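Heads up, the thing below is written out as C-alpha cells.
Derivation of every value follows stated rules applied to the coordinates shown; laboratory data play no part. In this text, all values refer to a predicted model and were calculated from it rather than measured experimentally. Heads up, the Cβs are rebuilt from the backbone with ideal geometry, glycines too, and the neighbour counts pull from every protein chain shown.
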Amino acid sequence: MTNTTMTLDDLHRILAVCGGASESWPAGEDVHDRPFEELGYDSLALLEAAVRIENEFGVQVPDEVIPQLTSPRDVLDLVNGPTAKTV
C-alpha cells in the first residue's frame, strides 16, 4: 500500500491486468469520461480492479459504489478525492 495519487496510467495498468489490454483504450487520447464499456471493460474487471486499488493505493472501494463508477474519471475522483477512505 503506497497511499499515493492514482493517475490515469495507473488505472489503465490495473485494468489491463484485470480485464486484459483493451484496444479500445486509444493511446494518447483523453479517455477520462469514456464509459468503461466503450473501453472494453466489464463489471468483473472493475470488481477485480477495486481490490487491486485497495491493495495498491490503500483506498476503500465499497462494492455498492462500483456500479456507479462508469468512467475512469469516476474512479480517479473516488481514489484521489477528499472523501476517499483509507484501509
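Quick notes on this structure:
- For the range 44-49, putting each phi into the Karplus relation 6.51 cos²θ - 1.76 cosθ + 1.60 with θ = phi - 60° gives couplings of 5, 4, 5, 4, 5, 4 Hz, in residue order, rounded to whole numbers and with x for Gly and Pro.
- Label sites at THR83 and HIS32, each approximated as a point 7 angstrom past Cα along Cα to Cβ, lie 1.9 nm apart.
- Dividing the convex hull volume of the alpha carbon atoms of the range 8-80 by its residue count gives 76 Å³ per residue.
- Additional length obtainable on full extension of the chain from ALA16 to GLU48, 0.36 nm per residue less Cα span: 10.4 nm
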